[in-house]
């Protein structure tokens, strides 16, 4: 298997686990509950296990986008952590746009707690995700 493909696959899994850990500990830091797999399962009307599978598939797809496209966009940035943070910001913005679009098409689970804190928690999670991908996927 191609080394870049392997890195992207592992990077997507590792970074999605890191993102998920952030969503688990966020309520312990006073942020609202964030559970992307549950949100996906409710929106799509599928069992939670399918929501978990989709959550990881999305993470892997983004990792492949980083490995085969985005890494070229940030090639002048020397720090992998900064590359990852920039990528995480892009993924965060994309996720917010997609959530807004999906909210018009299918039922969204009700938001618990402060929307601002939810957005901040999501931002932090996506930055952690981006850094996780960049630490595994190298040029």
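In whole percent, what relative contact order does region 1-75 give with Cα contacts below 8 Å and a gap of six or more residues?
Dividing the mean separation by the residue count of region 1-75 yields 39 percent.
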Exercise. Give the relative contact order (percent, whole number) for the chain; include only Cα pairs under 8 Å separated by 6+ residues.
Key: 43
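Let me have the 222 nm mean residue ellipticity of the chain computed from DSSP H runs of 4+ only, each contributing -39500 (n - 2.57), with the sum over all residues rounded to the nearest 500.
One gets -24000 deg cm²/dmol as the mean residue ellipticity at 222 nm.
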Quiz item: When averaged across all projection directions, what area in nm² does the alpha-carbon convex hull of the chain cover?
Solution: 8.5
Practice problem: Could you compute the FRET efficiency for residue 68 and residue 138, with r as their C-beta to C-beta distance and R0 at 22 Å, rounded to 0.05? | Solution: 0.95
Quiz item: Contour minus end-to-end for residue 50 and residue 111, with contour as 0.36 nm per residue of separation and end-to-end as the Cα-Cα distance?
Solution: 19.9 nm
Practice problem: Round to the nearest 0.05 the FRET efficiency obtained for residue 28 and residue 76 when R0 = 35 Å and r is the Cβ-Cβ distance. | Solution: 0.40
Quiz item: Running Debye on region 42-82 with equal point scatterers at the Cα sites and no solvent, what base-10 log of I(q)/I(0) appears at q = 0.20, 0.27, 0.28 Å⁻¹?
Solution: -0.67, -0.88, -0.91
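Read-outs: derived from the displayed coordinates by stated rules, not from any lab. Source: prediction; values computed, not measured. Here the Cβ is made from the backbone with ideal geometry for all residues, glycine too, and neighbour counts use every protein chain on show.
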